[in-house]
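The following block contains the structure, expressed as structure tokens.
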Amino acid sequence: MTSINLLPWREESREQRRKAFLGKLLAAALVGAVLVFIWITIAQARLDNQNSRNSYLQSNIAEMDKKVAEISELKSKKQEMISRMKVIQDLQGNRSEIVKVFDELVRAMPDGVYLATLEQTAETVKMSGFSESNNRISALMRNLDTSHKYEESNLTKVQQDTTLGDQGSVFDLQIKIEQLTGSEPQVAAP
């Protein structure tokens, strides 16, 4: 029988399989590297896209914040204008009331009583003046109490003063106005 030595052939076959395995391993490593490169490129592109979207949103949010600030400023200006218009309307509506208040005061003033100062603050009128006698001050208070514009007359000070005679007095009087709703202080002196 002849003997055949298969060692070189096996050696050659093993070498070919090892080369094929290394080739496949190298091909798999190359394919893996290419896939990793593609994945990194796609991820970076998506990240750049998201960053550009974020910067776009931030710039638009900044613009909207400016507009919101402008709107709130306009709202405050609008509210200020509305309050000014209300004050003007109140003043226009109360314009005739002041005339009625002064007319009623003149009607209530008895002879022998003279006013030195007259001051109106909201719904209160403070007056000071001179009188020929204390009876005339009492008559003034009675007339003011029966008036339809005034209520709660309050005499805060009475002192003897000889400016208008031996029985003369100087007085301070405070009264409330019933129907006047204006809130601006008004000062008048006769």
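Here, each number is a calculation from the coordinates, and none is a lab measurement. None of the values given here were measured: they were computed from a predicted structure. Here Cβ is always computed from backbone atoms with ideal geometry, including for glycine, and neighbour counts include all displayed protein chains.
Based on DSSP H runs of at least 4 residues, each adding -39500 (n - 2.57), what is the mean residue ellipticity at 222 nm of the chain after dividing by all its residues, to the nearest 500 deg cm²/dmol?
-23000 deg cm²/dmol
Could you list Met85, Met127 so that the one with the fewest beta carbons within 10 Å of its beta carbon is first and the one with the most is last?
Met85, Met127
For Glu70 and Val99, FRET efficiency with R0 = 45 Å and r from the beta-carbon atoms, rounded to 0.05?
Efficiency at R0 = 45 Å is approximately 0.50.
Next up: Sort 75-82, 142-149 for me by packing, meaning the mean count of neighbouring Cβ atoms within 10 Å per residue, highest on top.
Most protected by this proxy first, the peptides run 142-149, 75-82.
Please name whichever of Ala139, Trp39, Leu164 sits farthest to the positive end of the charge dipole of the chain, dipole taken about the Cα centre and charges placed at Cβ: Lys and Arg +1, Asp and Glu -1.
The listed residue farthest towards the positive side: Trp39.
Expressed in nm to one decimal, what extension gain is obtained for the pair Asn154 and Ala45 from 0.36 nm per residue of sequence separation less their Cα-Cα distance?
Once the chain is fully extended between Asn154 and Ala45, it gains 30.6 nm.
What distance in nm separates the simple spin-label points at Arg53 and Ala116, each placed 7 Å from Cα in the Cβ direction?
Label at Arg53, label at Ala116, 8.3 nm between them.
Still on this structure: Report the charge-dipole magnitude of region 1-157 in Debye, nearest 20, computed about the Cα centre from +1 at each Lys and Arg Cβ and -1 at each Asp and Glu Cβ.
Using Cβ point charges on Lys, Arg, Asp and Glu, region 1-157 gives about 1440 debye.
Here is a follow-up. Using R₀ = 25 Å, calculate the FRET efficiency as 1/(1 + (r/R₀)^6) where r is the Cβ-Cβ separation of Val87 and Glu178; round to 0.05.
About 0.70, to the nearest 0.05.
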